[in-house]
Amino acid sequence: YLSLSNMPNYKLTYFEARGFAEVSRQLFHLSGTPYVDNRIQRERWGEFKSMTPFEKVPVLEIDGKVLPQSFAIARYIAREFGFAGRSNLEAAWIDAYADQFKDYLEYIRPFFKVAIGASQGDFEQLKKEFAEPNRDKFFGFLEKLAKDNGLNGHFVGDSLTWFDLLIADHILTMENFVPGFLDAFPAVLETREKIVNTPKLKEWIEKRP
Amino acid sequence: GVSQATEEKKNMSPVYKFTYFHGRGIGEVARQLFFLSDTPFEDVRLVGEEWMKIKDQSPWGHLPWLEIDGKVLCQSFAIARYLAIQFGFVGKTPFESAMVDALGDQYKDYWNDMKPFFMPMYRQNMEGMKEEFEKKKKDVGEPARDKFYGILTKEYKKNGSNGHMVGDSLTWIDLVVVDHMGVMDHYVPGFLDGFEEMRDLQKKVNANPKLAEWIKKRPHTPQ
C-alpha cells in the first residue's frame, strides 16, 4: 500500500446505514479520497459511545484527531475537496440552507421516528400533521431555489455541493416511506435526478453496502 | 499615499446591514463579531409589531438576516461563521474551524432540548407560572444542562482551560456560549454553579477588553 505522504488518514465511524454519514461518504468517493468507512452494529453502540467526544456518531478521525457532528464533518470535507461552492458567500448560503434543512428535520421528527421504527405512533396521522405541512414549506422554498438557479442541476451555484447531496439523499429516504412524497415539486425532483446521475456518485450509489 | 489606500479600502469594504429583534438572542454573536473587528455595520433592531408587519416580505420569513452589499444571508450560525471567517474568529486551522462548527451544532441540539423550558423560564414571574417553571427546570433544563455543559467542560479541559473552547484564539463559539451563560445567570441564578471550567471560560472571555467595551455600550436587554 503506497501511502501518499501529504494526505491525512481519514476514518469515518457510523452505523450500518446512510443516515447522517452518507453525505460524507459520498464526498470522499466523489473526491477520490481514500478513507476507512467504519460501520458499527447498533447493538455494539454502548461499547463505543463514551469514546466519542459528544457521545454521538458519526465521528471523523483525521490523523487521529476526532471531529464530531455530521454537518461539521460534511462541511470540513466539502471545503477541503471543493464541494462547498465557489466563494465564501456561496459557502455561507449552503450553510444557511443546510441549517434550514436541519430545522425542517426537527419539525418532521415525530413522523420520522415512527417511520424508521424508533417509536410507536400513527403513521398516517403524523404524516398529515408533521411531514406534509413542513415538507410544503421547506420544499416549496427549494422548488423556488432550483428554478431561480436556472434548473442547472444544483440548488446553489453551478457546482455540486454537499447541500445537493444532503437533499438528494433525504428525498430517497422520504420516498421509501411515502412514495410520491415530493411529486408536487418537479424542479426539486429534476435537480435530484441530475445530482444522482453525476457519474462518480452514480457509481457509489450502485455499489454501496 | 496612506489616505489613498484608506479610501481604496473603504471603497472595497462591503456594506453590512444586520436585522434582528431588539435583543441579544441568536443575533448577538454577529454584532459582537462586527464590534470586535472594528467593522462598521447598520444594527437594525425590530421592536414590537415591526417584525410582524414586514415578515411576509422578508427574505426568508425569519430573523436574523444579514445584507452584504445588498446580498442577503440568513440563519444565525451561517451568518456568524461567514463573519467569523472574514474577521478571523474561526481558529487557526481547518480542523479548529470544524471543531468550532461541531460545538455550534451541539449548542443547537442543546437549544432544542431546552425549548420546553425557555418559555416557562421567561414567564416565571407571571401569575401562576412558578410551578410550571420549577417542573420544567427539573425535568427539562437540568438534564439538558448537564449533558451540554458536561461536554463543554470535557472539551475545555482537553483544550487546556486556556480561556477558549478551541485552540488558543477567540472564536465565535466562545462568544455564543458565554453570552448564553449570561442569559441563564439572569433568569435562573445558580443554574450553572458547579461548572467551574465554564465559569473560567466566562470570566476569561468577558475580560476581553473590546468585548467588555461592547457589553458596556450595547443596548441593555435581559436576553
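The values are calculated or read from the model by the stated rules, or taken from the named source; none is laboratory data. Because the structure is predicted, anything quoted here is derived from the model rather than measured. Methodologically, a virtual Cβ is constructed for each residue, glycine included, from the backbone with ideal geometry; neighbour enumeration extends over all protein chains shown. To get the accessible areas, we keep the full protein, side chains included, count just its heavy atoms, and leave off ligands, DNA and RNA. Shrake-Rupley method; radii C 1.70, N 1.55, O 1.52, S 1.80 Å.
General observations
- With both labels modelled 7 Å from their Cα along Cα-to-Cβ, the B:Trp51 to B:Ile85 distance reads 2.7 nm.
- Structure remark: mean-square fluctuation, Gaussian network model of chain A, C-alpha springs under 10 Å; the largest value among A:Val114, A:Val188, A:Val59 belongs to A:Val114.
- Selected from B:Tyr156, B:His186, B:Ala144, residue furthest toward positive end of dipole (segment B:134-193; charges at beta carbon): B:Ala144
- Distance between the C-alpha centres of segment A:98-113 and segment B:195-223: 33 Å, rounded to the whole angstrom.
- Look at the alpha carbon pairs under 8 Å that are at least 6 residues apart: their mean separation over the length of chain A gives a relative contact order of 19 percent.
- Put simply, the convex hull of the Cα atoms in segment B:169-223 casts, on average, a shadow of 3.9 nm².
- Of all the options A:Ala146, A:Ala96, A:Ala84, the one that moves most in a Gaussian network model of chain A with Cα springs shorter than 10 angstrom is A:Ala96.
- Computed over the Cα atoms of segment A:24-124, pair by distinct pair, the Kirkwood hydrodynamic radius stands at 15.9 angstrom.
- Over segment A:1-72, the alpha carbon radius of gyration divided by the compact-protein estimate 2.2 N^0.38 Å works out to 1.11.
- Of B:Lys157/B:Lys203; B:Lys115/B:Lys157; B:Lys115/B:Lys147, those spanning more than 19 Å from alpha-carbon to alpha-carbon: B:Lys115/B:Lys157
- With a 10 Å cut-off around each Cβ of B:103-113, the average count of Cβ atoms from other chains is 4.
- Qualifying GluC sites (Glu not before Pro) in segment A:1-97, where qualification requires a DSSP coil assignment and no more than 13 other C-beta atoms within 10 Å, comprise A:Glu16.
- Based on alpha-carbon atoms, the Kirkwood radius and the radius of gyration of segment A:47-193 give Rg/Rh equal to 1.00.
- Separation of alpha-carbon centers, segment A:38-87 and segment B:101-180, rounded to whole Å: 22
- Cα→Cβ-extended label distance, 7 Å offset, between A:Ile40 and A:Glu129, nm: 3.4
- Rg(Cα)/(2.2 N^0.38 Å) for segment B:101-223, N = residue count: 1.09
- The trypsin sites (Lys or Arg not before Pro) of segment B:23-81 include none that DSSP puts in a loop with a beta carbon having at most 14 other beta carbons within 10 Å.
- Solvent-accessible area per residue, Å², over segment B:38-192 with all protein chains present [probe radius 1.4 Å]: 44
- Orientation-averaged projected area, Cα convex hull of the protein assembly as shown (nm²): 24.9
- Where GluC sites (Glu not before Pro) fall in DSSP loop in segment B:87-175, at most 16 other Cβ within 10 Å: B:Glu127
- The magnitude of the dipole of the protein assembly as shown, with charges of +1 and -1 set on the Cβ of Lys/Arg and Asp/Glu and taken from the Cα centre, is near 460 debye.
- Each peptide among A:152-162, B:168-178 gets the average number of other Cβ atoms lying within 10 Å of its residues, and from highest to lowest they stand as B:168-178, A:152-162.
- Beta bridges from DSSP with both residues in the protein assembly as shown: antiparallel share about 60 percent, rounded to the nearest 5.
- Between A:Gln120 and B:Phe118, the FRET efficiency from the beta-carbon distance, with R0 = 25 Å, is close to 0.35.
- Between A:Arg109, A:Arg44, A:Arg135, the Gaussian network model of chain A with springs among Cα atoms under 10 angstrom shows the greatest mean-square fluctuation at A:Arg44.
- Expected 222 nm ellipticity per residue - DSSP helices of 4 or more, -39500 (n - 2.57), all of the protein assembly as shown, to 500: -17000 deg cm²/dmol
- Computed from Cα atoms, the angle from the helix B:172-187 axis to the main principal axis of chain B rounds to 40 degrees.
- Kirkwood radius, segment A:130-171, all distinct C-alpha pairs, inverse of mean reciprocal distance: 10.8 Å.
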